[in-house]
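Heads up: the structure comes next, in structure tokens.
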Amino acid sequence: MDFKLTVLPGDGIGPEVMDEGLKVLNAVAKKYKHTFKYQYGLIGGCCIDKEGVALSPAALAMCKKSDAVLLAAVGDPRFDDPKLPVHPEDGLLALRKGLGLFANIRPVKVAPSLVNSTPIKAEIVKGTDFIFIRELTGGVYFAKPKKRWTTPAGIRKATDSMTYSENEIERIVRVGFELAKNRKKKLVSVDKANVLLSSRLWRQIVIEVAKDYPEVEVEHVLVDACAMKLILAPTYFDVIVTENLFGDILTDEASMLAGSMGMLPSASLAGIPAKGTKIFGLYEPIHGSAPTIAKQNIANPIATILSIAMMLRYSCGLETEAVEIESAVDKVLAAGYATIDIFKEGNTKLGTAEMGNQITKMIGG
């Protein structure tokens, strides 16, 4: 099968981890007789340097003509000054909005070989395997009014709005139900309905949509309680769905369960996943650009490699190939290979390229 992919290496460690991801994808292509055609674009700080914007219209148009988009990392400390007119992260928000990517899926799975590599006790994280679903194009990051001003008395003020429509809530909640019905049939919906009106609407819509999925057990959990339970009992969860801001914070917290942000992939989808369907999506590791370790061959490429496995599953309809990559990663980790972020005594320490080589070797092709 032939697929056209847009590749956005981005900033910092982005180009390094992307190289390893594509190395693994090429091995899968060879083994299973597929063809992946790559076209490259700019996003983030490197795009600001060259084009003056964080994402050009041409790059967005290129993405729209692809079967899927692979993104590595966005961010550059040269643009951290809040007074600057454009920031690398603006490109990521524009990409999500421009491509209609409303559903962010982040699996959190702790490999048995890494239970002692996390800051949480091994007996707590052992067996952790759940999926976080974050609404991606609504809420406080996008809603209006959003402004900053100075009062006549000289006091600086700023406001952001957390706004959701019932349609926005329903479509992301259905993503949660669809994934839950094919797993353990348990969905946790996270809100702040004791305080926020938008969360009260969220909870109401969840209750209404639940009627279409009688086989799925639904539990409503307040965001602060969810934050605590993720640390106290992460194996309690199977599928979690929540809005944009809560999801942004909670998914980064959850990444620590796996030992490192370098371990966790993500998919941002433009549709509701179901068996037998192919959905356009953007695939990226959840980590940032990590500029302080760029070009040192020490970044962990596994999150990027696992993001490519998600692409094969959701956008290409290639479940066998997706499992092949995930299995190769598990086998390499079980053999004791580790990058510096997950390294512990007894491991064999590898660099970025060497880890990519080991996973590629495990796949063959």
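Quick notes on this one:
- Taking amide H as placed 1.01 Å from N in the peptide plane, residue 217 has its amide H under 5 Å from the amide H of 186, 187, each at least 5 places away in sequence or on another chain.
- Going from the fewest other Cβ atoms within 10 Å to the most, the residues 202, 149 appear in the order 149, 202.
- Stretch gain in nm, segment residue 204-residue 224, where the contour uses 0.36 nm per residue and the Cα spacing is subtracted: 5.3 nm
- Listed values (i) 30, 26, 21; (ii) 37, 22, 19; (iii) 40, 27, 20 include one computed from this model; for semi-axes √(5λ) of the Cα gyration tensor in Å that value carries the label (i).
- Net dipole in debye of the chain [+1 Lys, Arg Cβ; -1 Asp, Glu Cβ; about Cα centre; nearest 20]: 420
- Long pairs among 185/278; 109/295; 31/97; 30/97; 4/30; 33/361, criterion Cα-Cα beyond 25 Å: 109/295; 31/97; 30/97
- Taking all C-alpha pairs of the range 1-106, those more than 21 Å from each other amount to 38 percent.
- Going from the fewest other Cβ atoms within 10 Å to the most, the residues 4, 186 appear in the order 4, 186.
- Share antiparallel - DSSP beta bridges, the chain, percent rounded to 5: 40
- Other residues with beta-carbon under 15 Å from the beta-carbon of residue 53 carry, at +1 per Lys or Arg and -1 per Asp or Glu, a net charge of -4.
- Likely footprinting exposure, 224, 238, fewest C-beta neighbours within 10 Å first: 224, 238
- Given charges at beta-carbon only (K, R positive; D, E negative), |dipole| of the range 36-188 in Debye: 440
- For the range 58-76 versus the range 240-310, the gap between their alpha-carbon centres in whole angstrom: 15
- Charge dipole (the range 1-143, unit charges on Cβ, about Cα centre) - positive-most of 77, 39, 143: 39
No value in this document is a laboratory result; all are computed from the given coordinates. Please read all numbers here as calculations on a predicted model, not as lab measurements. So basically every Cβ, Gly included, is an ideal-geometry build from the backbone, and we count neighbours across all protein chains shown.
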